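K.L.:
Mind looking over this structure? Questions follow.
All of the numbers you see were taken from the coordinates with simple rules; none came from a lab. These figures come from a predicted structure and were not determined experimentally. Here the Cβ positions follow ideal geometry from the backbone for every residue, glycine too, while neighbour counts run over all protein chains shown.
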Amino acid sequence: MIYKKILIPVDGSDKSILAARHGAELASRVGAKVTLVHVIPTLPVDVRSLVLDKISAQGEEILKKSAQEISEFNVGTGTEIIIGHPADAICRKARSGKYSIIVMGSRGLSGVKGYLLGSVSSAVVSHAQCPVLIVR
């Protein structure tokens, strides 16, 4: 079996939900386990203490919704929130967890937030040490 562990970053966008469903379907076909991960961007210390609880609660809700979206595929699913620059954190998680593949949406955040953060999926494709499947 090529894929044993599939990492699926989710941000609550329609594209990330589509990627989660695609990754879960792939996992169900090959007998892999799935980890849904939500990345909280690194914040300045003075801001972090004010908003971390709220951002963490939003992240937990995104993970819960994403897990519900893929429940029909009956695959082993874990969830995790990590903090860091999104692309770096995703690549680091994939490497340290020895994931077989990353499945993610082609775009998540849009507008000003997406512009400021840059293209996370593009950076992950460029820096990941495992295959990356981009779902459009």
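K.L.:
So for the chain, considering every pair of alpha-carbon atoms, how many percent are separated by more than 19 Å?
P.N.:
46
K.L.:
A further question follows. By how many degrees, 0 to 90 and rounded to 10, does the Cα axis of helix 45-70 deviate from the longest principal axis of the chain?
P.N.:
Taking the Cα atoms of the chain, the angle to 45-70 is about 20 degrees.
K.L.:
Any chance you could get the radius of gyration and Dmax over the Cα atoms of the range 1-72, in Å?
P.N.:
Here Rg and the maximum Cα pair distance are 14.3, 47 Å.
K.L.:
Distance in nm between label sites at Asp46 and Glu72, each 7 Å beyond Cα in the beta-carbon direction?
P.N.:
Spacing of the two 7 Å Cα→Cβ label points: 4.9 nm.
K.L.:
Follow-up. What net charge do the residues around Lys15 carry, taking every other residue with its C-beta under 9 Å from that of Lys15, with Lys and Arg at +1 and Asp and Glu at -1?
P.N.:
Net charge around Lys15: 0.
K.L.:
At what distance in nm do the modelled label points of Lys54 and Val30 sit from each other, each positioned 7 Å from its Cα along Cα→Cβ?
P.N.:
Taking the two extended label points, one gets 4.0 nm.
K.L.:
So, in nm, how far is label Arg92 from label Lys65 when the simple model puts each one 7 Å beyond its Cα toward the Cβ?
P.N.:
Distance between label points: 2.6 nm.
K.L.:
Let me ask something else about it. Hey, got the dipole for the chain? About the Cα centre, +1 on K and R Cβ, -1 on D and E Cβ, debye to the nearest 20?
P.N.:
Dipole magnitude for the chain comes out near 420 debye.
K.L.:
For a quick check: with amide H placed at 1.01 Å from N, whose amide H comes under 5 Å from Lys4's, ignoring anything fewer than 5 positions away on the same chain?
P.N.:
Ser100
K.L.:
Defining a contact as two alpha carbons under 8 Å apart and six or more residues distant in sequence, what relative contact order in percent does the chain show?
P.N.:
Relative contact order of the chain: 34 percent.
K.L.:
Excluding residues fewer than 8 places away in the same chain, name every one of the aspartates and glutamates whose C-alpha is closer than 17 Å to that of Lys98.
P.N.:
Qualifying aspartates and glutamates at Cα under 17 Å: Glu80, Asp88.
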